[in-house]
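Following: one structure in structure tokens, then a few remarks.
Only the coordinates and a few stated rules stand behind these numbers; no lab work does. In this text the structure is predicted, and so the values were computed from the model without any measurement. As a convention, Cβ positions derive from the backbone with ideal geometry for all residues, glycine included, and neighbour counts pool all protein chains shown.
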Amino acid sequence: MITLFGIKNCDTVKKARRWLADNDIEHTFHDVRADGLKLEQIAEWIAKTDWEIVLNRRGTTWRKLDASIQENTSENSVAELLLANPAMIKRPILDVNGVINIGFKPQLYHSIFNSIK
């Protein structure tokens, strides 16, 4: 099963969705804002990658946070922070049969899907 997690109006997510459609990759799109998330889902992404990869520090949501929250964010607190602020999740997150990849680069997607064909 292939699921792409993201926010529908994010340009990078749009590129990933377009790439999947252009390459006839059947998948489900899960909008983390509209469809919601569970803490367990975020915890799984963190366990399979790293909390520093899942957390998007480049976005405006992160930059608008109080400095004390930014300074005190850690592996132990980040999942709840991301649940409350899904725009701070680095996007897109591609789940291919439980294997998690974060971000979009066409060459990465080519290698992922060439290996499972």
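Some notes on this structure:
- Note on the chain: GNM, Cα springs under 10 Å; of 69, 89, 46, the largest mean-square fluctuation is that of 69.
- Applied to the range 65-75, the Karplus parametrisation 6.51 cos²θ - 1.76 cosθ + 1.60 on θ = phi - 60° returns per-residue 3J(HN,Hα) values of 5, 4, 4, 5, 5, 4, 5, 9, 6, 9, 4 Hz, with x for Gly and Pro.
- Mean-position separation - Cα centroids, the range 1-24 and the range 25-85, in angstrom: 18 Å
- Taking the Cα atoms of the chain, the ratio Rg/Rh between the radius of gyration and the Kirkwood radius comes to 0.97.
- In order through the range 89-97: 3J(HN,Hα) via Karplus (6.51 cos²θ - 1.76 cosθ + 1.60), integer Hz, x for Gly, Pro: 7, 4, 10, x, 10, 9, 10, 10, 6
- Of the residues 66, 31, 11, the one that moves most in a GNM of the chain with alpha-carbon contacts below 10 Å is 66.
- Dipole moment magnitude, nearest 20 debye, the chain about Cα centre, only Lys, Arg, Asp, Glu C-beta charged: 520 debye
- At most 16 other Cβ within 10 Å, DSSP loop - GluC sites (Glu not before Pro), the range 18-117: 26, 75
- Charge dipole of the chain about the Cα centre (unit charges at C-beta), most positive-ward option of 73, 9, 113: 9
- Rounded to the nearest whole Hz, the Karplus-based 3J(HN,Hα) values (6.51 cos²θ - 1.76 cosθ + 1.60, θ = phi - 60°) of the range 10-19 follow the sequence 6, 4, 5, 5, 4, 5, 5, 5, 5, 4, with x at glycine and proline.
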